[in-house]
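The values are calculated or read from the model by the stated rules, or taken from the named source; none is laboratory data. In this text, all values refer to a predicted model and were calculated from it rather than measured experimentally. Every residue, glycine among them, receives a Cβ derived from its backbone with ideal geometry; neighbour counts consider all protein chains shown. Side chains included, ligands, DNA and RNA excluded: accessible areas come from the protein's heavy atoms. Shrake-Rupley method; radii C 1.70, N 1.55, O 1.52, S 1.80 Å.
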Amino acid sequence: MRWWLLAVAALIALMVLVGGATRLTESGLSIVEWKPVTGTLPPLNEAQWAQAFEGYKAIPQYRELNAGMSLAEFKTIFWWEWSHRLLGRFIGVAYLLPFLWFLWRGAFNADLKRRLWLIFGLGAVQGAVGWWMVASGLSQRVEVSQYRLATHLVLALVIFAAIVWTLRRMSTRPHIVAPSRLKITSVALLVLTFLQIYFGALVAGLRAGRLYNTWPDIDGAFIPSAARLFFEEPWWRNLFDNALTVQFEHRMTAYALLALALWHAIDAVRSRAAAVVTGAWLLMAAVTLQAGLGILTLLNQVPIDLALAHQAVAIVVLTLAVLQVERLSVRQIQSMPKDAAIPAGSPV
């Protein structure tokens, strides 16, 4: 059972990286229809390829950015998006079929069953959100909405985090005694991590990483002028639509995350909470690496290799943050039904 959930979590992490590559290669709008079943097959002959290409030619992205693209060039971006969608379908099957089998064998207690049904429901919603995102770029825009892109990414990582949490809750370990402030800062780190991922998705959606490629200054100063940060009306739209403001808030959240991770690690040592010290320092190291990769990605104008490494380490940071919160939370040990035929396996 643990191996099943671990495999699904790994597939979701891979899905996020393939989605990042799809975004970076501007491939996400190459398939203009949502066919959950028949779309599993790619074009199989020249006539089908021509039909798919004609569909892409009808949207604004082709007319305004890729006019004159050859069929061979179209096939390159098509394969990225098709692979992304196929992987999503595969994850659905890889989750559902073993889940139904374990249900049939009576391997879940009531709490675990509810949690796994919730994860499945979120996965179904994620498929619809993916098409909702793509649809935003098919009629009036040359790219998908950054709001919908951020929603799609964050929901994927919520599902990932829920699986990681569930995996840990299936292990039987003693409750850890630690000061309340450590628990509070671990939760704050997890919240900041999700917020930082959300801002990072907005940066990607607005291509803001290609616009201000200096560090530590941005737009000529460490803190840009208010007139540049808040020129749109109403003011709150700048937080989501102004490329300068979005990149600035992404940077500031990174600094806050780094400072809080350092404080949490030092506090764990000072509190003599030995059981959580290693997790705190691992999280601190991952956040530091993530910040360094972010700076390199920015200074080099978002090359695909650095950008994907930056995204991969973000998943590592999220994983460590989830584990730290779970480690410090009140433990409710989940036991398997005595008559279940499924071996529990060794703790994860």
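Of note:
- Compactness of the chain, expressed as Rg and Dmax over alpha-carbon positions, Å: 22.2, 69
- Calculated P(r) tail over 12 Å for the stretch 194-244, as whole % of Cα pairs: 66
- Efficiency of FRET from Cβ geometry, Thr25 and Val93, R₀ 22 Å, rounded to 0.05: 0.25
- Sorting 95-105, 6-16 by average packing, meaning the other beta carbons within 10 Å per residue, from highest down gives 6-16, 95-105.
- Relative contact order of the stretch 130-287, pairs being alpha-carbon contacts under 8 Å that are 6 or more residues apart, as %: 23
- Compared with the rule-of-thumb size 2.2 N^0.38 Å for a compact globular protein, the stretch 136-243 has a Cα radius of gyration ratio of 1.45.
- Where only DSSP H runs of four or more residues are counted, the chain gives -23500 deg cm²/dmol as its mean residue ellipticity at 222 nm, each run worth -39500 (n - 2.57).
- The order of the peptides 285-298, 134-147 by mean Cβ neighbours within 10 Å, most packed first, is 285-298, 134-147.
- As an equivalent ellipsoid, the stretch 249-333 spans semi-axes of 27, 14, 10 angstrom, where each value is the square root of five times an eigenvalue of the C-alpha gyration tensor, largest first.
- For the stretch 27-181, the direction-averaged projected area of the alpha-carbon convex hull comes to 13.0 nm².
- Per-residue HN-Hα couplings for the stretch 282-287 [Karplus 6.51, -1.76, 1.60; θ = phi - 60°; Hz; x = Gly/Pro]: 5, 5, 4, 5, 5, 5
- Counting only protein heavy atoms and a 1.4 Å probe, the chain has 49 square angstrom of accessible area per residue.
- Here the Gaussian network model covers the chain, with springs between Cα atoms less than 10 Å apart; of Gln51, Gln311, Gln247, Gln51 fluctuates the most.
- Surface composition of the stretch 1-47: carbon and sulfur make up 74 percent of the accessible area, probe 1.4 Å.
- For the chain, the relative contact order comes to 24 percent (Cα pairs under 8 Å, sequence separation of at least 6).
- Candidates Ile163, Ile315, Ile266: whichever shows maximal mean-square fluctuation once the chain is modelled as a Gaussian network with Cα springs under 10 Å: Ile266
- FRET efficiency estimate (nearest 0.05) - Cβ-Cβ, Ile295 to Ala110, R0 45 angstrom: 0.40
- Ordered from largest to smallest accessible area (heavy atoms of protein chains, 1.4 Å probe), the residues Arg270, Arg207 come out as Arg270, Arg207.
- Protein heavy-atom surface of the stretch 67-178, 1.4 angstrom probe: 71% of the accessible area is carbon and sulfur, with nucleic acids and ligands not counted.
- Inter-site label distance for Ala274 and Glu73 at 7 Å from Cα along Cβ, in nm: 6.3
- Projected over all directions and averaged, the alpha-carbon convex hull of the stretch 182-269 occupies 6.3 nm².
- Of the peptides 17-27, 39-49, the order by per-residue mean of other Cβ atoms within 10 Å, starting with the highest, comes out as 17-27, 39-49.
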